[in-house]
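Only one structure is covered here, and it is reproduced in the block below.
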Amino acid sequence: MSAAVSVDGKTRLYGILGHPVTSSLSPAMQNAAFAALGLNAVYVPFPVQPRQLPKVARGLAAAGVAGFNLTVPHKLAILPLLDEITPEARAIGAVNTVRCENGRMSGTNTDGEGFLLSLAHDLAWQPEGKRALLLGAGGAARGIAISLLEKGLAALHIANRTPEKAEALAADCRDLYPGAELRASGLEEAPDSAPHLLVNATTVGMGDGASPVELARVGVREALLDIVYTPPETPLLAQAAALDLPHANGMGMLLHQGWLAFRFWTEREAPLEVMRAALQEALARR
Ligand code: ATR
């Protein structure tokens, strides 16, 4: 969406800090939301080298910037710079959204809740009492694991190319959720029993034409969410379609984390469908 932005002395500034940040879809989504609600605000990308993060974040807050998102590689490094951290961000151990007020920075994490909203809206799927297989053990997988367990998932199998990383994440999850059943393995090991949900939180499928697992071998019972959204249909999602398994790509998670960030900053209900259309338009322009 291209909205005319009129900048004046009262314009509130938001942005995204990343390295690289040029391919971010968040400016399109957030500026469309500001325009739809008639808010005097703009959202811009800030390319920030890892070593510059402390200087940039403190400088933005001091300059009166109202808030910002963080993307790779800043989601962990921002933590010690914050004055306040929400309990969900503390549990996940990463922050993707910061609100600045009078030079103070409060951080939260909307990735986990955005993932849960996508599961609920796009797949009508709820974690309580269910079993899930999670592929990946990086930053995204961590947020997803904690969010699923927080919502009462009964059993989680974390499978990763580097099994030690899956074991480390599973150990953290066991400490936080002692009532849940946790297992860690390499990618190729089959789950103990057919999971209700499969989540791909690896980068496999992102333009490489590959699939992290052979879906027919896993026997997923209810739903599959692949957090990759470029291309919109990964080889894993194509296998789900062929097996008639309800599935969704990562667009919904991206949309909902942005929707939640907008609310954290403005305390206004964000226009979800406007943001979805802006995302789709920005993706189509790529
Ligand atoms: P993010 O923040 O998106 O989670 P990350 O922390 O770099 O990014 O994690 C990327 C994930 O994709 C990891 O689980 C990684 O596996 P390793 O821990 O073994 O590196 C996984 N991944 C990346 N490339 C992969 C590949 N070619 N095959 C299998 N897994 C891969």
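The values are calculated or read from the model by the stated rules, or taken from the named source; none is laboratory data. Values in this document were obtained by computation on a predicted structure and should not be read as measured data. Don't worry about glycine lacking a Cβ; one is built from the backbone with ideal geometry, like all the others, and counts go over all protein chains shown. Ligands, DNA and RNA are excluded from the accessible area calculation, which covers all protein heavy atoms including side chains. Shrake-Rupley method; radii C 1.70, N 1.55, O 1.52, S 1.80 Å.
Only residues that are more than 10 Å from the ligand (Cβ to nearest atom) and surrounded by 24 or more Cβ atoms within 10 Å (Cβ to Cβ): list them for the range 116-138, please. Talk me through it step by step, then tell me what you get.
Initially, the range 116-138 is screened for residues more than 10 Å from the ligand (Cβ to nearest atom), giving 116-133.
The answer is LEU119, ALA132, LEU133.
Residues that are touching a Phe, Trp or Tyr at 6+ places or on another chain (Cβ under 6 Å), touching a residue at least 40 places away in the same chain (Cβ under 8 Å) and hydrophobic (A, V, I, L, M, F, W, C): does the range 132-149 have at least one? Show your work before the answer.
Narrowing the range 132-149 to residues touching a Phe, Trp or Tyr at 6+ places or on another chain (Cβ under 6 Å): 144, 147, 149.
Then drop every residue that is not touching a residue at least 40 places away in the same chain (Cβ under 8 Å), which leaves 144, 147.
Still in the list and also hydrophobic (A, V, I, L, M, F, W, C): 144.
Scanning the range 132-149 turns up at least one residue that is touching a Phe, Trp or Tyr at 6+ places or on another chain (Cβ under 6 Å), touching a residue at least 40 places away in the same chain (Cβ under 8 Å) and hydrophobic (A, V, I, L, M, F, W, C).
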### Task
Kindly provide the set of residues from the range 95-119 that are assigned to a helix (DSSP H, G or I) and touching a Lys or Arg at 6+ places or on another chain (Cβ under 7 Å), ordered by number.
LEU116
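Test of understanding: among ALA223, ALA241, which residue is away from the ligand (no atom under 16 Å from the Cβ) and open to solvent by 20 Å² or more (accessible area, probe 1.4 Å)? Talk me through it step by step, then tell me what you get.
Numbers: ALA223 fails: open to solvent by 20 Å² or more (accessible area, probe 1.4 Å).
That would be ALA241, the only listed residue that is away from the ligand (no atom under 16 Å from the Cβ) and open to solvent by 20 Å² or more (accessible area, probe 1.4 Å).
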### Condition met for GLU267 (away from the ligand (no atom under 16 Å from the Cβ) and at pLDDT 95 or above)
no
### Of all residues in the range 76-96 being at pLDDT below 95 and open to solvent by 20 Å² or more (accessible area, probe 1.4 Å), the one that is farthest from GLY114 (Cα to Cα)
LEU76
### Query
Which one of ALA270, ALA277, ALA261 is touching a Lys or Arg at 6+ places or on another chain (Cβ under 6 Å), farther than 25 Å from HIS157 by Cα and in the same structural domain as VAL98 (by TED's automatic domain parsing)?
ALA270
### Query
Of all the residues that make up the range 172-208, how many are within 15 Å of the ligand (Cβ to nearest atom), at pLDDT 95 or above and exposed (fewer than 14 other Cβ atoms within 10 Å of the Cβ)?
1
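Residue under question is VAL65, and the condition is that it be surrounded by 13 or more Cβ atoms within 10 Å (Cβ to Cβ) and assigned to a loop (DSSP other than H, G, I, E, B); does it hold? I'd like the intermediate steps shown before the answer.
On the way: surrounded by 13 or more Cβ atoms within 10 Å (Cβ to Cβ): yes; assigned to a loop (DSSP other than H, G, I, E, B): yes.
So VAL65 fits the description; yes.
I'm trying to understand the selection: among the residues of the range 209-220, which are more than 12 Å from the ligand (Cβ to nearest atom) and open to solvent by 30 Å² or more (accessible area, probe 1.4 Å)? Talk me through it step by step, then tell me what you get.
Step one: of the range 209-220, the residues more than 12 Å from the ligand (Cβ to nearest atom) are 214-220.
Result: GLU214, ALA216, ARG217, GLY219.
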### Query
So which pairs qualify, if the first residue must be in the range 214-226 and of a type in the set (Lys, Arg), the second must be open to solvent by 10 Å² or more (accessible area, probe 1.4 Å), the Cβ gap must be under 6 Å, and the two must be at least 6 apart or on different chains?
ARG221/ALA194; ARG221/HIS196
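So for the range 38-49 (the condition being under 16 Å from ALA282 (Cα atoms) and surrounded by 17 or more Cβ atoms within 10 Å (Cβ to Cβ)), does at least one residue qualify?
First pass over the range 38-49, keeping only residues under 16 Å from ALA282 (Cα atoms): 43-45.
Restricting the remaining residues to those that are surrounded by 17 or more Cβ atoms within 10 Å (Cβ to Cβ) gives 43, 45.
Yes, there is a match, as at least one residue in the range 38-49 is under 16 Å from ALA282 (Cα atoms) and surrounded by 17 or more Cβ atoms within 10 Å (Cβ to Cβ).
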### Summary
Checked the range 12-53 for anything in a loop (DSSP other than H, G, I, E, B), under 13 Å from THR266 (Cα atoms) and in contact with a strand residue (DSSP E or B) (Cβ under 8 Å, 6 or more places away or on another chain); matches are LEU39, ASN40
### Query
In the range 194-218, which residues are of a type outside the set (Ser, Thr, Tyr) and in contact with a strand residue (DSSP E or B) (Cβ under 7 Å, 6 or more places away or on another chain)?
PRO195, HIS196, LEU197, LEU198, VAL199, ASN200, ALA201, GLY205, PRO212, VAL213, VAL218
### Message
For the range 139-166, give me each residue that is near the ligand (Cβ under 9 Å from one of its atoms) and over 18 Å from the mean Cα position of the chain (by Cα).
### Response
ASN160, ARG161, THR162, PRO163, GLU164, LYS165, ALA166
